[in-house]
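See below for the structure under consideration.
Each reported figure results from applying straightforward, stated rules to the coordinates on display, with no laboratory input. These numbers come from a predicted model, not from an experiment. No Cβ is skipped: glycine too gets one built from the backbone with ideal geometry, and neighbour counts run over all protein chains shown.
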Amino acid sequence: MAEICVLRLGHRTLRDQRITTHVFLVARALGATEGVLSGDLDESVVKGIARVSEVWGGPFKVRYEANWRKFVRERKKDGWKVAHLTMYGEDFEPAAKKLGKGNGKCIVIIGAGKVPREAYELADANLSVTTQPHSEVAALALFLDRCFSGKELGKKFSGKLQIVPNACGKVVLHGESD
């Protein structure tokens, strides 16, 4: 998968700020290329993720999109695939792997509140990440892991701060941002 855009659909500022931030933190850390926030405009989420990318490195950016339907339709015209992560859909494992093959582009829709029917209809795949209530953050992590076949875990970032893996204790390098 060459490019993955995570679309956070139906964000509600007062209710979803923390989870939406976590959605984008996971997206950034596990290989997505961009995040799109739709619903309430929440500058604190957009600016917060920009700060994380500045300090920890990487080109990941989040932007606001008022009209998510138009955004998805335009990307589909440009050849992007659309995956919607849900409890109600097709079997996760084979569909996620299929979307991850090749060098395509994919929008991953993650709902905050009730997802409009049109999101299901616009999706090329509605992926059932278990048939039980679950966390959209965990669902996204599983999806990205399947798309990148675990290679995202070795992704290197060159930011102002870098953690060096260590069995005991914390080792943090202070360097230059990319």
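Under a point spin-label approximation (7 Å from Cα along Cα-to-Cβ), what is the Y88-H174 distance to one decimal in nm?
5.2 nm
Apply the Karplus parameterisation 6.51 cos²θ - 1.76 cosθ + 1.60, with θ equal to phi minus 60°, to every residue of segment 38-54 and state each ³J(HN,Hα) to the nearest whole Hz, in sequence, with x for glycine and proline.
With the stated coefficients, segment 38-54 comes to 9, x, 6, 6, 9, 4, 5, 5, 4, 5, x, 5, 4, 5, 4, 5, 5 Hz.
If I take R0 = 25 Å and measure r between the Cβ atoms of A138 and L161 in this structure, what FRET efficiency does the formula 1/(1 + (r/R0)^6) give, to the nearest 0.05? Don't skip to the end; give the middle numbers.
On the way: r = 26 Å, r/R0 = 1.02.
With a Förster radius of 25 Å, E is 0.45.
Which of K97/K151; K76/K105; K77/K105; K81/K156; K76/K156; K81/K105 have a Cα-Cα distance over 18 Å? Working shown, then result.
Working: K97/K151 13 Å; K76/K105 10 Å; K77/K105 12 Å; K81/K156 26 Å; K76/K156 30 Å; K81/K105 6 Å.
Pairs exceeding 18 Å: K81/K156; K76/K156.
Determine how many Å³ per residue the convex hull of the Cα atoms of segment 130-169 encloses. Please list the in-between numbers first.
Working: hull volume 5.4 nm³, N = 40.
Hull volume normalised by residue count: 135 Å³.
In debye, nearest 20: dipole of the chain around its Cα centre with unit charges on the Cβ of K, R (+) and D, E (-)?
Details: 28 positive and 21 negative charges, 26 e Å.
Once rounded to the nearest 20, the dipole reads 120 debye.
Please report how far the C-alpha centroid of segment 1-18 lies from that of segment 82-131, rounded to the nearest whole angstrom.
14 Å
On a full-extension model of 0.36 nm per residue, what is the gain between K151 and E54, subtracting their alpha-carbon distance, rounded to one decimal in nm?
Details: separation 97, 0.36 × 97 = 34.92 nm, distance 2.28 nm.
Stretched fully, the K151-E54 segment lengthens by 32.6 nm.
Pick from S128, S158, S53 the residue whose mean-square fluctuation is largest in a GNM of the chain, springs joining Cα atoms under 10 Å.
Ranking S128, S158, S53 by mean-square fluctuation puts S158 first.
Assuming R0 = 35 Å, what is the FRET efficiency of A66 and T130, from their Cβ-Cβ distance, to the nearest 0.05? Please report the intermediate quantities before stating the final value.
On the way: r = 32 Å, r/R0 = 0.90.
Computed FRET efficiency for A66 and T130 comes out at 0.65.
If you average the sequence gap of Cα pairs under 8 Å that are 6 or more apart and divide by the length of segment 3-174, what percent do you get for the contact order? Write down the numbers at each step before the final one.
On the way: 313 pairs, mean separation 49.2, N = 172.
RCO, segment 3-174: 29 percent.
What full-extension length gain, to one decimal in nm, is calculated for E43 and E3 as 0.36 nm per residue of separation minus the Cα-Cα distance?
Values: separation 40, 0.36 × 40 = 14.40 nm, distance 2.40 nm.
So the extension gain works out to 12.0 nm.
Per the Kirkwood definition applied to all pairs of different Cα atoms, how many angstroms is the hydrodynamic radius of segment 3-174?
Details: mean 1/r = 0.0606 Å⁻¹.
It is 16.5 Å.
Would you look at the GNM of the chain, springs on alpha carbons closer than 10 Å, and say which of D78, D16, D40 moves the most?
So, out of D78, D16, D40, the one fluctuating most is D78.
Springs between alpha-carbon atoms under 10 Å, Gaussian network over the chain: tell me which of R15, R117, R63 tops the mean-square fluctuations.
R117
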